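Here the structure comes first, spelled out in structure tokens, and everything after it is commentary.
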Amino acid sequence: MKKRIAICPGSFDCITMGHLDIITRAALMFDEIIVVAMNNAEKHYTFSPEERIEMIKKSTAGIKNVTVELFDGLLADYAAKKNACAIIKGLRAMSDFEYEFQMALTNKKLNPAVETLFLTTSAQNMYLSSSMVKQIASLGGDISDFVPPVILGDILKKLSPKSQNL
Ligand code: PNS
């Protein structure tokens, strides 16, 4: 039978517990999940593409059917290239909805063979975002509940005021 492949795309600058929760739940529903770090033209990135995928790889190392890639181009083209049947996105508050809905419709137009599926965020991650994590870390706050433990050191090394003063 044909493998059911889904893509979890995002900026992942940096991956958070919210992303990891969505990836873990998606991995239970598909044969293979490809987590792909992409470029969002509206964002300036803190971490390099290599740093972003390295952190995703470390965070997802325990999930058997997850692979991690980097791609610079259209998500709809990437999904076609990978024979994916679905794009998985996490939805937090209503504020995510309009933007995500617009992207889902655009991707459907560009590649009618792929469906976008939204997973509801877990309640504890409702207000969690990469930018919030980076802001807290750069001001010396505790981010240990917000990011996978294996990448905590990588984030603090780059952002914590203590490591900036070394
Ligand atoms: O984590 P983000 O920043 O919300 O992820 C957005 C991302 C990277 C998935 C989106 O910007 C994207 O799909 N970029 C790839 C380029 C593309 O296909 N643009 C058209 C989308 S409608």
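Read the figures in this text as sums done on the coordinates, not as results from a lab. What you see is a predicted model, and the numbers here were worked out from it, not measured in a lab. As a convention, Cβ positions derive from the backbone with ideal geometry for all residues, glycine included, and neighbour counts pool all protein chains shown.
Local charge for Thr60 was computed over the other residues whose Cβ lies under 13 Å away, with Lys and Arg +1 and Asp and Glu -1, and equals +1.
Only counting other Cβ atoms within 10 Å, I'd like Glu32, Glu50 sorted with the fewest neighbours first.
Numbers: Glu32 17, Glu50 10.
Ordered from fewest to most neighbouring Cβ atoms within 10 Å, Glu32, Glu50 come out as Glu50, Glu32.
Loop-located chymotrypsin sites (Phe, Trp or Tyr not before Pro) in region 106-150 (DSSP state other than H, G, I, E, B) with a sparse environment of at most 15 neighbouring Cβ atoms within 10 Å: Tyr127.
By how many degrees, between 0 and 90 and to the nearest 10, does the Cα long axis of helix 97-110 differ from the longest principal axis of the chain? Here the helix axis deviates by roughly 40 degrees.
Output the relative contact order of region 5-164, whole-number percent, from Cα pairs under 8 angstrom with separation of 6+ residues. Let's see the in-between values first.
Working: 243 pairs, mean separation 45.0, N = 160.
Averaging sequence separation for qualifying contacts and normalising by length gives 28 percent for region 5-164.
Of the residues Ile63, Ile87, the one with the fewest other Cβ atoms within 10 Å heads the list, and the complete ranking is Ile63, Ile87. Counted residue by residue at 0.36 nm each, then reduced by the alpha carbon distance between them, the extension gain from Lys3 to Ser122 reaches 40.1 nm.
Determine, for Ser122, Ser48, the number of other Cβ atoms within 10 Å of each Cβ, and report the residues in order from fewest to most. Walk me through the numbers before you get to the answer.
On the way: Ser122 15, Ser48 10.
The order, fewest Cβ neighbours first, is Ser48, Ser122.
Summarising the overall dimensions of region 18-166 from its C-alpha atoms, the Rg and Dmax are 16.0, 52 angstrom. For helix 17-27, report the angle its Cα long axis makes with the longest principal axis of the Cα atoms of the chain; keep it between 0 and 90° and round to the nearest 10°. With rounding to tens, the tilt is 30 degrees. The stretch between Lys162 and Tyr45, if pulled fully straight at 0.36 nm per residue, gains 40.0 nm over its current Cα-Cα span.
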